[in-house]
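Values in this text are rule-based calculations from the coordinates and carry no lab data. Quick caveat: nothing in here was measured; it's all calculated off a predicted structure. No Cβ is skipped: glycine too gets one built from the backbone with ideal geometry, and neighbour counts run over all protein chains shown.
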Amino acid sequence: MGLTLAQKIIKEHLLSGEMVVGSDIGLKIDQTLTQDATGTMAYLEFEAIGIPRVKTEKSVAYIDHNTLQTGFENADDHRFIQSVCKKHGIYFSRPGNGICHQVHLERFGKPGKTLIGSDSHTPTGGGIGMLAIGAGGLDVAVAMGGGAYYITMPKMVRVNLTGKLKPWVSAKDIILEVLKIMSVKGGVGKIIEYGGEGVKTLTVPERATITNMGAELGATTSIFPSDEITKSFLKAQSREEDWTPLLPDADAVYDEVIDIDLSSLEPMAACPHSPDNVKSIKELEGKKIDQVCIGSCTNSSYLDMMRVAAILKGNKVAEGVSLAIAPGSKQVFNMIAKNGALADMIEAGARILESACGPCIGMGQSPNSGGISLRTFNRNFEGRSGTADGQIYLVSPETAAVSALKGVFTDPTSLGDEVKIEIPPQFLINDNMVIEPASEAEMDSVEVLRGPNIKPYPKTSPLGDTIEASCALKVGDNITTDHIMPAGAKILPLRSNIPAISQHCFTVCDKEFPKRAEMLGSSIIVGGANYGQGSSREHAALAPLYLGVKAVLVKSFARIHRSNLINAGILPLTFVNEADYEKIALGDELVLPDVKKLIENGKDIVVENKTKGTKIMAKCELTERTKAIILAGGLLDFTKKENS
């Protein structure tokens, strides 16, 4: 039996465990990346582990999230990260150099290598044949120190692409079709591999758009083959030596196969408030819009920008529509400035933003109240834009641009003949905004600079014999990390200050939660299915930890968030019988007797509801390793103990 693309990379990097679906495996990590919203905490954790210099082939810190510097906090974080990088062997991408996933694809990613990043859209690297996985900051810190990265061996899904896209239908429409088929939880525990003749019709940036939004499926990662198209892209980036051919074996066996005829696809949109709420643009055509935002790590490549500029050229943005455009990297920005495409955008009435995440993470450009905003981004969770009742639709750059001109949802296929934009034979190469680390001989002389907003990792303690705690919050299905730990311009500057940011924890759902949790001292959160979907932000575990949350009891978890809870020493519990969700109410007093002993012995957990006089059963499915992490009080305590 042959191996799939992902299985080949996993086999090459396997440090522990067996490639059996559902088993715990440890992987050697070649590269890591962080961004500044998660980076400060990741580097505080790396310092706490006590390893002087990173042991990966390449680790890069990007500044792309907290670039709206409305106070000293973000600037202090950037200074801290830069000094840590200089000291400990990490490359530092300065603010303005671009979005982490776009820049990493352009300048650092290598086919066949493993990459984990403290950002859920790290699978973008799968567009050039990397095994690229989003992870919590502490997992990244451990990997930088040379530790293995542990995942549950996923199932393999092949998405078989045939045919060719029609004019003005794009890669965004492909991933929206996959989301429509699989849903936001359909990829949990799976790696999505793209294959078939249709793959040869897609450029690397188009492939990266698809793997980027694979995060919205809940998938471990997504990956494309590394072929001649990959080689041409790397050659244009003056990195041809980084190319390695990588294909699945002809007799590879997949757990699931999905067939998509590219020629049958049409322009689509993900409607509020979920990436899998997909409709065709024809169904929405004529609906008035208020705002258009083009960019993000999903759709900010040179190809995307050039297609948008071609549509805008000689035209004018409709009255009543605000159009904002953010090129994904300094490379892209420079190239469109030199070839005149940027001037075409400006002349049409676009507002040009810096090369950063910006509106996608709620940093500026919030729409008007109740406003309809078309965005080429990857998430449209309620409130994520910064406007509580904003109506956010996810669309392709082509749909976004033509709709901005018309003032209403417009099908781009109405434009007629497609404008052909090719990958240039040579990209503009200038890495002057990437700062190299100090040498090993110089590193001891580098001072790490800390601002007053930077606070240490929250206090942890080993698991006690019994947990007695009240239900401090009860929520429903598909709770996102944006619900748990909101982002945006007001809250993101507090990412390095867990005591301060915890005061915003779950306030989207219940404004009183932080105060209630602090008053209770110890508490339990109860939730529905797919709890914790969305970003990799470990703050969605660290803030509850600081507020005294001991366990989270839900119907099911999203992968990264469950890992982050374990890393924080918070018990991730699931109902044995999902109907028992109805048997717990806000304020109920709960007891988990002998929980330590039950965890040690791998038994189901008894949950006694003292308020109602009832008992229910919960599972806590842990490997031997994650069991040891929970018993120790979290991954940081576990790692320190292992290294002592």
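Using only alpha-carbon positions, what ratio does the radius of gyration of the chain give when scaled by 2.2 N^0.38 Å?
In units of the globular-protein estimate, the chain measures up at 0.92.
Under 5 Å between amide hydrogens, built in the peptide plane, is the criterion, and for Leu323 it picks out Val292, Arg351 among residues at least 5 positions away or on other chains. Annotation for segment 410-461: GluC sites (Glu not before Pro) lying in DSSP loop with at most 11 further Cβ atoms inside 10 Å of their Cβ are Glu422, Glu440, Glu442, Glu447. Between Glu422 and Glu468, the modelled labels are 7.5 nm apart [label points 7 Å from Cα along Cα→Cβ].
A crude spin-label estimate for the pair Leu415 and Ser16, with each label 7 Å from Cα along the Cβ direction, gives 5.2 nm. Kirkwood hydrodynamic radius, computed over distinct alpha-carbon pairs, for segment 467-643: how many Å, to one decimal? That comes to 16.1 Å for segment 467-643. For segment 269-279, putting each phi into the Karplus relation 6.51 cos²θ - 1.76 cosθ + 1.60 with θ = phi - 60° gives couplings of 9, 8, 8, x, 10, 8, x, 9, 8, 9, 10 Hz, in residue order, rounded to whole numbers and with x for Gly and Pro. Entry for segment 295-372 at q = 0.11, 0.13, 0.21, 0.25 Å⁻¹: log10 I(q)/I(0) = -0.27, -0.38, -0.95, -1.24, Debye formula applied to identical alpha-carbon scatterers, no solvent contribution. Each eigenvalue of the Cα gyration tensor of segment 127-270, multiplied by 5 and square-rooted, gives one semi-axis; in descending order these are 25, 20, 15 Å. The distance linking segment 358-391 with segment 161-204 is 25 Å (Cα centroid to Cα centroid, whole angstrom).
In this label model, Ala441 and Met617 are separated by 6.6 nm, measuring between points 7 Å along each Cα→Cβ vector. Secondary-structure-derived ellipticity at 222 nm for the chain, considering helices only, amounts to -8000 deg cm²/dmol, per-run term -39500 (n - 2.57) for DSSP H runs with n ≥ 4.
Close Lys pairs in segment 268-415, defined as Cα atoms under 25 Å apart and 8 or more places apart or on different chains, number 18. Extents of segment 574-644, largest first, come to 46, 21, 17 Å (Cα atoms, principal axes, whole angstrom). Taking amide H as placed 1.01 Å from N in the peptide plane, Val554 has its amide H under 5 Å from the amide H of Gly527, Leu573, Thr574, Phe575, each at least 5 places away in sequence or on another chain. If R0 equals 25 Å, the separation of the Cβ atoms of Val408 and Lys164 corresponds to a calculated FRET efficiency of about 0.30.
Taking Cα centre as origin and charging only the Cβ of basic (Lys, Arg, +1) and acidic (Asp, Glu, -1) residues, the dipole magnitude of segment 67-119 rounds to 340 debye. Summarising the amide proton neighbourhood of Val253: residues at separation of 5 or more, or on other chains, whose placed amide H is nearer than 5 Å comprise Gly2, Thr4. Rg over Rh for segment 5-264 works out to 0.97, using Cα positions for both radii and the Kirkwood form for Rh. Shown in residue order for segment 255-260 are the 3J(HN,Hα) couplings computed by the Karplus curve 6.51 cos²θ - 1.76 cosθ + 1.60 at θ = phi - 60°: 6, 7, 10, 10, 9, 10 Hz (x for Gly and Pro).
Projected onto their three principal axes, the Cα atoms of segment 268-415 cover extents of 38, 31, 25 Å, largest first.
All Cα-Cα separations within segment 189-300 were binned at 5 Å from zero, giving a P(r) of 2, 8, 15, 21, 20, 14, 10, 6, 3, 1, 0, each value a whole percent of the pairs. Taking 0.36 nm per residue of separation and subtracting the current Cα-Cα distance, fully stretching the chain between Lys603 and Asp261 would add 118.4 nm.
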